[in-house]
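J.: Quick one: the structure is below, questions incoming.
Please treat every number below as a calculation from the coordinates, not as lab data. Treat the numbers as computed from the prediction; the structure is a model and nothing was measured. Because the Cβ atoms are built from the backbone with ideal geometry, glycine has one as well, and the counts that use them run over all protein chains shown.
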Amino acid sequence: MGFSFYLLLLFVDLALCSSWLQGRTLPHMTSDVNDLSGKSFDYIVVGGGTAGCPLAATLSEKFSVLLVERGSSPYGNPLVLETKNYGLSLLQTDKYTSVAQSFISNDGVPNLRGRVLGGSSAINGGFYSRASEDFVQKVGWDKEAVMGAYQWVESRIVFKPELTPWQYVAEFSFLEAGIFPYNGFSLEHIEGTKVGGSVFDEWGRRHTSADLLEAGNPNNITVLLNATVKNVIFREKGNRNETIARGIRFIKSDGNSSQTYDAYLNQPENSCSWGDVILAAGALGSPQILLLSGIGPQKHIKKFNIQLAADLKGVGKGMKDNPGIALLADSKPKNFPPEPPKVVGIADHFKIIIEAGILPISLNATVMPIAAKLAFPESEGKLELNSTDPRENPSVTFNYLAKEKDWARCVKLGQLLERVVRSESIAFFLGLERKNELMSTEDELRKLCKKNVRTFYHYHGGCSVGSVVDKDYRVYGVKGLRVVDGSTFLESPGTNPMATLLMLGRYQGIKILEDRN
């Protein structure tokens, strides 16, 4: 993207953003690390992403909260907030400051992670769909409380989308391929073809999880931007040698300085009323911070000369990513406007999720991928440290399609993709001749899976419930430390995890408040 064009976009959007923010009450936001160094709060939330923002907003109803985000504010950024710029932020990546941070897993598959207040809800497709009832029951959440938390989110940042011509075509092509029944608009995770919710409103403006901070008590929230947490600070209490979280140590995110700063938890005389450090830094960030804090497999931690705080072998284990395959509706790039997906096909007993969008590959060219993912992969990998610099990506391996069952499911996924791409609806819309030749053989589809496996950006694990945290999301062996984000999931819920992560922040925030009472 030309720099002058970007400046023009920024100038126009800053003017629009200024009028849009008038009358809104957002908490104090600062990038001044010196201003917060040495200060204390009732709760410290690390990661202002999809789960972190609703969690901080909820806790602020009764307590002071420091929310630390390694990226910048989304407000005023035209690449984040406007539907017309959907996908462009994924093309504008750098090492320290871009809202999307790129990384390549050890599998050789390119991937991205959010680095902005709002997290991945600021860079994704904005498709909103709840987890299934089976998922809620499996993880042991209270059904009524979950619904209340979903509705709290939905009343603020979720909208019923208007379908574009391409989304109508996607809808018809899914039905042609046999993805039934047709469910119309629904926020539920149900088999068939449906229109989901969206965080893009009717004016084409994105609403990220950062908007949920407005629902909290702005006088109780301080947001520290452009600061990366290096590790959790611990202290020992008495003769029992308990490991207790006392605060956090952080550095500037810009890469120009390694100077550290500290922030602490308030420590009332009654130890039962202490708050927590809560990691909500995502499936890569949270296990990385635990390892940097000395919590994880002892052998790996000692390799980096980090003092061991808790020998917790599950940290970084069970990393999963949903393998995906994409076929282009037309091999030639177009100049259609970028477009996030609004319709989804849920097939093969919830095992295959398929959607269609329009993605930019440059300022004036787009492609039209039909993409599908395996919902419940059996293959899993691990996350380890690359260095002791928290700004560096950790080393992560997902082992895509390592299990034979995943290969077999990928073949079925490929067959479904071919039926959709060769549908009459897509051929008519693009003015192409419909292809009627025989479908690919199983061997050809296996080669397609091996060559073209990609991410759906729904990676999870590394701090799983039962191995790293308990049912209340407290880290085993450490007091005053929790993890509340997608790193705790054993599977990615719903069509994608965003709705459930937004809900989880609110749900766990309420539980913490109730427990304090």
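J.: Holding the Cα-Cα limit at 32 Å, pick out from K160/K382; K95/K320; K302/K450; K143/K320; K302/K451 the pairs that are longer than that.
T.: Working: K160/K382 38 Å; K95/K320 24 Å; K302/K450 36 Å; K143/K320 26 Å; K302/K451 37 Å.
The pairs that break the limit, which is 32 Å between Cα atoms, are K160/K382; K302/K450; K302/K451.
J.: Now for a separate question. Pulled fully out, how much extra length does the chain show between S40 and L513, if you take 0.36 nm times their separation in residues and subtract their Cα-Cα distance? Don't skip to the end; give the middle numbers.
T.: Values: separation 473, 0.36 × 473 = 170.28 nm, distance 1.89 nm.
The span from S40 to L513 would gain 168.4 nm if fully extended.
J.: Right, something else. What is the extension gain from E269 to K451, computed as 0.36 nm multiplied by their sequence separation minus the C-alpha to C-alpha distance, in nm to one decimal? Could you put the intermediate results ahead of the total?
T.: Numbers: separation 182, 0.36 × 182 = 65.52 nm, distance 6.00 nm.
Length gained between E269 and K451: 59.5 nm.
J.: Run the simple label-point estimate for E433 and Q259 please: 7 Å along Cα→C-beta, distance reported in nm.
T.: The modelled label-to-label distance comes out at 6.9 nm.
J.: I want to check the label-to-label distance for E202 and A145. Put each point 7 Å from Cα in the C-beta direction and report it in nm to one decimal.
T.: Distance between label points: 3.6 nm.
J.: Assuming R0 = 25 Å, what is the FRET efficiency of F376 and S186, from their Cβ-Cβ distance, to the nearest 0.05?
T.: 0.75
J.: What order, most packed first, do the peptides 46-58, 458-470 have when packing is the mean number of other Cβ atoms within 10 Å of each residue?
T.: Details: 46-58: 31.6, 458-470: 23.5.
Highest-to-lowest ranking by the protection proxy: 46-58, 458-470.
J.: If you look at just the Cα atoms of the range 278-325, how large are its Rg and its Dmax in Å?
T.: When restricted to the Cα atoms of the range 278-325, Rg and Dmax are 12.1, 42 Å.
J.: Also, I was wondering about something else. State which entries of K403/K435; K313/K403; K412/K435 exceed 30 angstrom in Cα-Cα distance in the structure shown. Mind showing how you got there, number by number?
T.: Details: K403/K435 32 Å; K313/K403 23 Å; K412/K435 19 Å.
Pairs exceeding 30 Å: K403/K435.
J.: I want the antiparallel fraction of DSSP beta bridges within the chain, as a percent rounded to 5.
T.: Numbers: 57 of 83 bridges.
Antiparallel bridges make up about 70 percent of those DSSP assigns within the chain.
J.: Evaluate the distance, in nm, between pseudo-label points positioned 7 Å from the Cα of A365 and of D330 along their respective Cα→Cβ axes.
T.: 1.4
J.: Moving on. Which of the peptides 302-313, 59-70 is most tightly packed, and how do the rest follow, going by the mean number of other Cβ atoms within 10 Å of each residue? Each step should come with its number before you reach the end.
T.: Working: 302-313: 15.0, 59-70: 24.3.
Final packing ranking: 59-70, 302-313.
J.: Suppose the chain between Y96 and K479 were pulled fully straight at 0.36 nm per residue; how much longer would it get relative to their current alpha carbon spacing? Working shown, then result.
T.: Numbers: separation 383, 0.36 × 383 = 137.88 nm, distance 3.21 nm.
So the extension gain works out to 134.7 nm.
J.: Sticking with this structure for a sec: Calculate the FRET efficiency for S395 and E176 from the Cβ-Cβ distance with a Förster distance of 35 Å, rounded to the nearest 0.05.
T.: On the way: r = 43 Å, r/R0 = 1.23.
E(calc), rounded to 0.05, equals 0.25.
J.: Please sort 494-502, 129-137 by packing, taking for each peptide the average over its residues of neighbouring beta carbons within 10 angstrom, highest first.
T.: Details: 494-502: 27.6, 129-137: 18.6.
Ranked by mean Cβ neighbours within 10 Å, highest first: 494-502, 129-137.
J.: Please give the calculated 222 nm ellipticity per residue for the chain, where each DSSP H segment of at least 4 residues contributes -39500 (n - 2.57) and the sum is spread over every residue; nearest 500 deg cm²/dmol?
T.: On the way: 13 runs with 141 residues, N = 517.
Counting only the DSSP helices, I get -8000 deg cm²/dmol.
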